[in-house]
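Shown next, in structure tokens, is the structure this report addresses.
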Amino acid sequence: MEKIPFIICGEQKTGEHQVLEFGPKENRTKICLPEITESDIRQINKSDMQAMHELSIDEIISFYSKVGRLWNSTTYEKREELVDLTCAVTGYSKEMVELGMKQICGVLTKEYLEATVQSDLGDKRLLDEWITRAESSVHCQPRGKALHILAGNVPVVGITSILRGSLTKNVNIVKMSNRDVITPSYFAQAFYDIDPEHPITKTTSVIYWPHTNQEMFSKILSFVNVVCTWGGHDAVQETRRNAPQGVELLEFGPRRGMHLIGKEAFSELNKTTIKAAHDLTLFDQECCYSPQMSFVEGDVNKYAESFAKSLEEENARLPKGYGDPKFHANITNARMYSKFRGHKVHTSAKTEWTIIVADNIEDFPTHPLGRTIFIVPVKDLIESLVHIGPETQVVAIEPYERSVDLREHLTLRGVDRITHLGKMGYFAVGAPHEGMYPLSRMVRWVKMRQ
């Protein structure tokens, strides 16, 4: 059994009070976690917010840049342990976890962090100084304590949430998901390895409690000032119901992605489907940006055949991880249902990937995910709009030039991000997230008349 520590204001705490099991029956991984005591809660509540406030934004960025260099180092003694445990707990392949590590190290750079602050707030000096705007002097104060309720499906997302808390000089309280009780804990352990006395180290707490423990949830919620909640519909709704009045709530709930493939893409079909396959493969389609449907102008069967070959290649590069037997059953049921309805179905030998081509979108069963995509033929990409609404987070368009004609239609219907094919899982610096600039909501904008 592996003991994974909680981090209570920078200090590690281990125990065997909670045991979580992961993986196939014949090779289970058991993770032991401690319990959260009343003393722990009091200590978290008393976190030194003033110490965070006194840090300059440059000092915060410098600290996280050091963490990034440490995590990117092949000589860091905890790195291999982190990767192996993340594979065991999440079920992702080692190749996928290594890609996730690369993404995390990509955001832990001075350039990325500075650009994030500058784009979200307009001027990073607002965090340290009072800046004149028209007739006012304006400043950004931290809200206080930030609770991050993580989903655990994409490692870089949880790290990004923690970064946002620190970049706004808030104290971070991280509630890990049982989907990934490894990455956030090891991330905070790296703080200690960099500088055990640093204010970020000494004010960061990383803990876990089962979603059924409403008492613990209520106790933590009672003293936080901002909540970033990630996950499915039920998780987001639960936070919304329980968050006290006056607590700023940032919701990152369930969404989906789509591909729009124009007829021009057939001139280089292999390049097109290689990019499309990468979008579908990332984190085994468990992301809010993962494509679930593809609307294609032209010969959909030709497109599907090329897509199938590209998925075989991508699966060799980024193998699919372990999935619960029910997960595989859902994919098998979707295949059988689609064949019964007369749809053209392309599949891997097992359940690594599935392509379903259908004329009528109403015939689709519930989406099983697991690298499954439904392809719909259209005469013009504009026809896809009736199937796009606020539930659609990201749309990738090929060729990208077609986005100019579609962007107003797509974003009016609720789409937050339009991107290149093959880039759905990669976020451009300076871009808003889910229709907002999160840092601007994690601070209090204060002013003083000139």
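Since every read-out is calculated from the coordinates, none of them should be taken as a lab result. For clarity, every value in this text was computed on a predicted model and none was experimentally measured. Heads up, the Cβs are rebuilt from the backbone with ideal geometry, glycines too, and the neighbour counts pull from every protein chain shown.
Here's how it looks for Ser137: its modeled amide H is under 5 Å from those of Met448, Arg449, Gln450, which are all 5 or more places away or on a different chain. Per-residue 3J(HN,Hα) values for region 129-145, derived from phi via the Karplus relation 6.51 cos²θ - 1.76 cosθ + 1.60 with θ = phi - 60°, read 10, 9, 10, 6, 10, 6, 9, 10, 9, 10, 8, 10, 9, x, 6, x, 10 Hz in sequence order (x marks Gly and Pro).
Around Ile8, which amide H atoms from residues at least 5 apart in sequence, or from another chain, sit under 5 Å from its own amide H, with H modelled in the peptide plane? HN-HN under 5 Å from Ile8: Lys13, Val206.
Rounded if a/c is under 1.5, else prolate if a/b beats b/c, else oblate: with a ≥ b ≥ c from the C-alpha gyration tensor eigenvalues square-rooted, which is region 220-332? Show your work: numbers first, answer last.
On the way: a/c = 3.24, a/b = 2.19, b/c = 1.48.
It is prolate, given that a/c is not under 1.5 and a/b is the larger ratio.
Taking a ≥ b ≥ c as the square roots of the Cα gyration tensor eigenvalues, with a/c under 1.5 meaning rounded and otherwise prolate when a/b beats b/c, else oblate, which class fits region 117-271? Oblate shape, in that a/c is at least 1.5 and b/c is the bigger or equal ratio. Close amide H partners of Gln292, meaning residues 5 or more places away or on another chain with modelled amide H under 5 Å apart, are Gly257, Met258, His259.
Applying the Karplus relation 6.51 cos²θ - 1.76 cosθ + 1.60 with θ = phi - 60° to region 65-72 yields 3J(HN,Hα) values of 5, 5, 4, x, 5, 5, 5, 7 Hz, where x marks Gly and Pro. With a Förster radius of 41 Å applied to the C-beta separation of Met448 and Arg241, the computed FRET efficiency comes to 0.65. Note: the chain, Cα convex hull, 152 Å³ per residue.
My understanding is that a pair violates if its Cα-Cα distance is over 19 Å; which of Lys3/Lys175; Lys30/Lys202; Lys350/Lys423; Lys169/Lys423; Lys271/Lys350 do that in this structure? As for pairs spanning more than 19 Å Cα to Cα, those are Lys30/Lys202; Lys350/Lys423; Lys169/Lys423; Lys271/Lys350.
Using a cut-off of 10 Å between beta-carbons, work out the net charge of the residues near Ala396 (Lys and Arg +1, Asp and Glu -1, Ala396 not included).
Numbers: positive: Lys275, Arg417, Lys423; negative: Asp279, Glu398.
Counting the neighbours of Ala396, the net charge comes to +1.
The label-point distance for Ser136 and Thr212, in a model that sets each label 7 Å from Cα toward Cβ, rounds to 4.8 nm. Measure off 7 Å from each Cα along the Cα-to-Cβ vector at Lys302 and Lys3, then give the distance between these two points in nanometres to one decimal. Label at Lys302, label at Lys3, 6.3 nm between them. Computed on the Cα atoms alone, the convex hull of region 363-450 gives a volume of 171 cubic angstrom per residue. Size check on region 301-450: the Cα extents along the three principal axes, sorted descending, read 71, 38, 27 Å.
What FRET efficiency do you get for Glu35 and Glu111 if R0 is 41 Å and r is their Cβ-Cβ distance, rounded to the nearest 0.05?
Numbers: r = 41 Å, r/R0 = 0.99.
My answer for the efficiency is 0.50.
Taking each DSSP H run with n ≥ 4 as -39500 (n - 2.57) and averaging over every residue of the chain yields -12000 deg cm²/dmol at 222 nm. Along region 428-436 the Karplus relation, 6.51 cos²θ - 1.76 cosθ + 1.60 evaluated at θ = phi - 60°, assigns HN-Hα couplings of 5, 4, x, 7, x, 10, 6, x, 8 Hz to successive residues, with x for each Gly and Pro.
Take every Cα-Cα pair in region 21-172 and report what % of them are more than 24 Å apart. Show your work: numbers first, answer last.
Working: 5429 of 11476 pairs.
Roughly 47 percent, rounded to a whole number.
Working from label points 7 Å from Cα in the Cα-to-Cβ sense, the Val404 to Asp128 distance is 4.1 nm.
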